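> Before I ask anything, let me first share the structure, which is written out below as structure tokens.
The values are calculated or read from the model by the stated rules, or taken from the named source; none is laboratory data. Since we're looking at a predicted model, the values are computed, not measured. Glycine also receives a Cβ, built like all others from the backbone with ideal geometry; neighbour counts cover every protein chain displayed.
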């Protein structure tokens, strides 16, 4: 019995070893395919997660030709670059700002207009303009003008004063409930009317409207488009409606995230009709910009950041 088992004993380990080797071979043929599928799936998921952040960095330029019979002939083909909602800070870096300024200069603007929300609060907005002085200089023929957003204003009159002083030092003319002339060519002019912010300030719409006449070409600049209905009801110095020709606004970010804008609730105070894009009401061309930066979360989806090149032209 012992001799019989002894002769057959070696055969069993070899059989087991051979079977195990075959099984491992089958697994080795399957693993590379599974590993590739896993890697591809991981890449896809990472891309989907990263894309909204990538999109928030893809700056686009919206170009628009705007005609008006009120535009002085000297201002024909005037090039305006409009920029709003930069939100300079942790998610919008100095390098991002340098790229933005380079893009503005590449558009060869005659006039640059800022629509507010330069940073995240009053202190950082002041730092933004201090930093702007050391960054690439914006080159224009007729200057830079800007209004304030709700993030910029601060809590006290002193906060506001420090901000407007920082803007002036950075060669940006602050407009708070006032109208300024921009002289073009041989004595011709257009007017820029800047309103205070709706949320953090008190826009003096009637007072600003009554400071212009029906023959003036007027650009209305205000951060929040919620002012549009009241601005359309205001009258100029002669009591006529339609006191401004072009209205430029921001604040909404265009919703920022397609399909999720209601969850983010960005600019929930703005009527649905004034959420994004170009509109025409009465005789006025209106623009609500998607802006440059982000708010709440540093993502955009189906809502690329944008600046605007607006070319003014006289009516045919």
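> Does residue 172 satisfy being crowded, with 19+ Cβ neighbours inside 10 Å and in contact with a strand residue (DSSP E or B) (Cβ under 6 Å, 6 or more places away or on another chain)?
Yes; evaluated as a whole, the condition is true for this residue.
> Here is a list: 173, 164, 156. Which entry is assigned by TED's automatic domain parsing to the domain that holds residue 202 and within 21 Å of the chain's Cα centre (by Cα)?
Answer to the check: 173.
For every residue, the table says whether it meets (1) modelled with pLDDT of 95 or more; (2) crowded, with 20+ Cβ neighbours inside 10 Å; (3) farther than 24 Å from residue 75 by Cα.
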residue	(1), (2), (3)
180	yes, no, no
188	no, no, no
192	yes, yes, no
195	yes, yes, no
210	yes, no, no
244	yes, yes, no
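> Taking only pairs six or more apart or across chains, which ones have beta-carbon atoms under 7 Å, a first residue in segment 38-49 that is over 19 Å from residue 299 (Cα atoms) and assigned by TED's automatic domain parsing to the domain that holds residue 299, and a second residue that is part of a helix (DSSP H, G or I) and at pLDDT below 70?
Note: no pairs meet the criteria.
> Just for segment 129-145: of the residues that are within 20 Å of the chain's Cα centre (by Cα) and free of Cβ contacts under 8 Å to residues at least 40 places away in the same chain, which one is surrounded by the fewest Cβ atoms within 10 Å (Cβ to Cβ)?
For segment 129-145, the residue satisfying everything is 136.
> Continuing with this model, one more query. Run down 154, 149, 115 and say which single residue is crowded, with 17+ Cβ neighbours inside 10 Å and touching a strand residue (DSSP E or B) at 6+ places or on another chain (Cβ under 7 Å).
115
> While we're here: Please state which of the following conditions residue 231 fails to meet, knowing it meets all the rest: (1) touching a helix residue (DSSP H, G or I) at 6+ places or on another chain (Cβ under 6 Å); (2) closer than 17 Å to residue 312 by Cβ; (3) surrounded by 15 or more Cβ atoms within 10 Å (Cβ to Cβ).
In the conditions (1) touching a helix residue (DSSP H, G or I) at 6+ places or on another chain (Cβ under 6 Å); (2) closer than 17 Å to residue 312 by Cβ; (3) surrounded by 15 or more Cβ atoms within 10 Å (Cβ to Cβ), residue 231 misses (2) alone.
> Have a look at 148, 107 and point out the one that is within 17 Å of residue 83 (Cβ to Cβ), in contact with a helix residue (DSSP H, G or I) (Cβ under 9 Å, 6 or more places away or on another chain) and assigned by TED's automatic domain parsing to the domain that holds residue 225.
Testing whether each residue is within 17 Å of residue 83 (Cβ to Cβ), in contact with a helix residue (DSSP H, G or I) (Cβ under 9 Å, 6 or more places away or on another chain) and assigned by TED's automatic domain parsing to the domain that holds residue 225 leaves just 148.
> Does segment 58-71 contain any residue that is at positive phi and touching a residue at least 24 places away in the same chain (Cβ under 8 Å)?
no
> Filter segment 246-256 down to the residues that are at positive phi and outside any helix (DSSP H, G or I), then identify the one that is surrounded by the most Cβ atoms within 10 Å (Cβ to Cβ).
So, considering only residues that are at positive phi and outside any helix (DSSP H, G or I), the one surrounded by the most Cβ atoms within 10 Å (Cβ to Cβ) is 251.
> Out of curiosity, is residue 65 touching a strand residue (DSSP E or B) at 6+ places or on another chain (Cβ under 9 Å) and crowded, with 16+ Cβ neighbours inside 10 Å?
no
> When only residues in segment 151-193 that are out of contact with any helix residue (DSSP H, G or I) (no Cβ under 8 Å at 6 or more places or on another chain) and assigned to a strand (DSSP E or B) count, which is farthest from residue 69 (Cα to Cα)?
180
> Looking for whichever is farther than 28 Å from residue 189 by Cβ, in a loop (DSSP other than H, G, I, E, B) and touching a helix residue (DSSP H, G or I) at 6+ places or on another chain (Cβ under 9 Å) here; the options are 86, 138, 126. Which one fits?
Being farther than 28 Å from residue 189 by Cβ, in a loop (DSSP other than H, G, I, E, B) and touching a helix residue (DSSP H, G or I) at 6+ places or on another chain (Cβ under 9 Å) holds for just one of 86, 138, 126, which is 86.
> Here is a follow-up. Identify all residues within segment 257-313 that are outside any loop (DSSP other than H, G, I, E, B), out of contact with any strand residue (DSSP E or B) (no Cβ under 7 Å at 6 or more places or on another chain) and surrounded by 15 or more Cβ atoms within 10 Å (Cβ to Cβ); write none if there are none.
261, 281, listed by residue number.
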